[in-house]
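As structure tokens, the structure follows; a few thoughts come after it.
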Amino acid sequence: MKKPTYRRITAVLVSFLFNSYSLFSQPAVLDSFINKEFLRSTIEFLASDSLKGRFTGSPEANKAANFIADEFRKAGMKAPDSSGKYLVPFSYFSYPVGNNVIGILPGSERPSELIFFSAHYDHIGTTAPNTYIKIGRRSPENGRDSIYNGANDNASGTASLISLARYFAAAKTNKRTLIFVAFSGEELGLIGSSALAATLADPGSVTCVINLEMLGRGSSPFLTGSQLGDLRSILNKELARIDVNQFKKNFFRAERYREQNLFTRSDNYPFAKLKIPAHTIMVGSDQDFYYHTVEDEPSTLNYRLIERVTRAIALAVMPIINGEITPKRIEAPRETTEPR
């Protein structure tokens, strides 16, 4: 065996220390940008009574959109065009004009390859007459509450989206371009996401879409349409590689509630129809007791759960954002029910 030189020993030591720092500092970075305190404060604002249920096109929905845009701006993300505006308006037939909110982190080595993270920030407004939305199963008791706050649906997913944007903007490790989109118009029939999907000149440039929905109540996260592609397998393998004791082999479960057609009912679907690997990560479903009721309040959420799922996503997507792995294209099933 060759006798090691002083220079070689020094190089090995420096390499070890650098890798150890990266390994042990990662939890600290996650703590800084993905934590239940930030998630809670974000959800409490978005689901506050002052925003009156964030109905698409309302002044309150626009206030929520500007809030999200400010978070993207503070994180250092780029706007989608030279105007510097993060809000991208859309309209659809007789529906009111809404705004998607878009922030971009250009890739360092493969900028033309795009990864979308998304969540819808709109909800169904108040108990005032509403010609667009079918209201939930239960009516407000004695008229004491008139606001559908939408804490779980989908302030929880929006807060997770903003946290991921903050985290990746700080990390600056993405080789592929990351696009963060907060959609409006989901509750009106996926019109915000459909509008954006229609603008894609080359759907093949989109590596995948990871949509976030209803993360605040339930047990374990699952991927809608997980049987259609290999995204779930990619995410789970990376988590097991990082810490199999913590995440086990199947942190993200196979699709649950398949009879509810959740895959076709959230903002992943307009992209999936273009054969893009586009799935929604969820914890609950529309069988949740508070779904589309005025009782969907911030106080009903499990913030530790949202934190855990969001951190897992941040870790699991690393091989994809670094260009090491590309999910397979999918063949999306036809829509069988009306979007909720």
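Every read-out reported here was derived from the displayed coordinates using simple, explicitly stated rules and does not represent laboratory data. Source: prediction; values computed, not measured. Cβ coordinates were reconstructed from backbone atoms using ideal geometry, including for glycine residues, and neighbour counts include every protein chain displayed.
Brief remarks on what is shown
- Mean separation of Cα contacts under 8 Å (6+ apart) over length of segment 211-304, as relative contact order %: 44 percent
- Spin-label zone in segment 241-281 - amide nitrogen under 16 Å from a point set 7 Å from the Cα of Ser233 along the C-beta vector: 241, 249-255, 277-278
- Ranked by the mean number of other Cβ atoms within 10 Å per residue, highest first, peptides 233-239, 208-214, 170-176 order as 208-214, 233-239, 170-176.
- Student exercise, the chain dipole from Lys, Arg, Asp, Glu Cβ charges, in Debye to nearest 20: 1620 debye
- Other-chain or far-sequence residues with amide H under 5 Å of Asn211's (modelled H): Ser118, His279, Thr280, Ile281
- Taking segment 28-321 as the region of interest, the number of lysine pairs whose Cα atoms are within less than 16 Å, with members eight or more places apart or on different chains, is 8.
- Counting every pair of alpha carbons in the chain, the share spaced more than 37 Å apart comes to 16 percent.
- Charged-residue dipole, Cβ positions (Lys, Arg, Asp, Glu), segment 181-285 about Cα centre, Debye nearest 20: 420 debye
- Potential lengthening of the chain between Arg73 and Ser50 amounts to 6.0 nm, from the contour at 0.36 nm per residue minus the alpha-carbon distance.
- Selection among Ile325, Ala278, Phe168 by position relative to the dipole of the chain gives Ile325 as farthest towards the positive end (Cβ unit charges, Cα centre).
- Between the residues Ala75, Gly57, Leu262, the greatest Cα displacement towards the positive end of the dipole of the chain, with unit charges on the Cβ of Lys, Arg, Asp and Glu, is found for Ala75.
- Computed packing ranks the peptides 314-323, 198-207 as 314-323, 198-207, most packed first, by mean other Cβ atoms within 10 Å.
- The packing ranking, built from the mean of other Cβ atoms within 10 Å per residue, places the peptides 248-254, 106-112 in the order 248-254, 106-112, highest first.
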